[in-house]
Amino acid sequence: MLDEAYNDGKIERNPADKIKNLKVSSPEPEPFTLKEIQAILNACTEPQHRNLFQFAFFTGLRTGELIALRWEDVDEAHQRCFIRRSTTRKHTKMPKTNAGKRETKLLPPAWQALKNQKAHTQLHNAQIFFNPRTNSPWETDAQIRKTAWRHALTRANVHYHYPYQTRHTFACMMLTAGENPAWIAQQMGHADWGMIRKVYARWMPSAAPDAGAKFNAMWEAQAHSENCAKIVQN
């Protein structure tokens, strides 16, 4: 606003020129362990809750994307789904970026959760995940958090984290398994893998516990080759 006022000649100088923005620090991801994931899923007394959480853990979808996902978005033949919309505060809209509108591969646990969910909602030909209390699609993330998520974590005796941590957990699991960061970024709807590197950098070394081994082997082989050459020369 001040820039425009200065450019329009309304003010002689921009008083905000020398003001620096405060550094914004994002909270650290707090991913669940595989043991905690299993405990949470086992603690779900309602099958539809379990299906929702299992799908969330193994796709990395945002809560709004989970709520908006419809059966028509699923490609069963290729075990994938298409993220075309997101629901926030009861309003459904298109993803904010082109990267957000994407194709997501369904890993075996996610695909199994989807198959288990069929019996509950597929005949409705609408959203995939329903609130079993109302037998209608979830409307907000607060509904999920208050009526399902919090209770499951309490029963599982797992320290409480917001449901969004399922997304962080997916990213960390994939990195730890050694999956390509670029592929992870595509799955999660990032424009490139820069965000993966920025947010999950400390999980990346553990993705390759033998990091540096290939170089070490090459170095040792080279050293061995040079020693052998010296022996031959002598």
Checklist entry - What residue, among those in the range 137-165 that are part of a helix (DSSP H, G or I), touching a residue at least 60 places away in the same chain (Cβ under 8 Å) and in contact with a strand residue (DSSP E or B) (Cβ under 9 Å, 6 or more places away or on another chain), is surrounded by the fewest Cβ atoms within 10 Å (Cβ to Cβ)? => result 141
Next on the checklist: Suppose we keep only residues that are touching a residue at least 12 places away in the same chain (Cβ under 8 Å) and in a helix (DSSP H, G or I) within the range 186-197. Which one would you say is farthest from residue 59 (Cα to Cα)?
Outcome noted: 197
Next on the checklist: When the residues of the range 66-76 are narrowed to those that are in a helix (DSSP H, G or I) and touching a residue at least 60 places away in the same chain (Cβ under 8 Å), which ends up nearest to residue 131 (Cα to Cα)?
Outcome noted: 67
Checklist entry - Would you pick out the residues in the range 86-125 that are within 17 Å of the chain's Cα centre (by Cα), more than 22 Å from residue 37 (Cβ to Cβ), surrounded by fewer than 18 Cβ atoms within 10 Å (Cβ to Cβ) and not hydroxyl-bearing (Ser, Thr, Tyr)? => result 96, 98, 99, 101, 103
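Please verify whether residue 196 is modelled with pLDDT of 85 or more, under 18 Å from the mean Cα position of the chain (by Cα) and surrounded by 12 or more Cβ atoms within 10 Å (Cβ to Cβ), treating the condition exactly as stated. Walk me through it before giving the result.
Values: modelled with pLDDT of 85 or more: no; under 18 Å from the mean Cα position of the chain (by Cα): yes; surrounded by 12 or more Cβ atoms within 10 Å (Cβ to Cβ): yes.
Judged against the criteria, residue 196 is not a match.
The values are calculated or read from the model by the stated rules, or taken from the named source; none is laboratory data. Worth saying up front: this structure is predicted, and the values here are computed from it rather than measured. Every residue, glycine among them, receives a Cβ derived from its backbone with ideal geometry; neighbour counts consider all protein chains shown.
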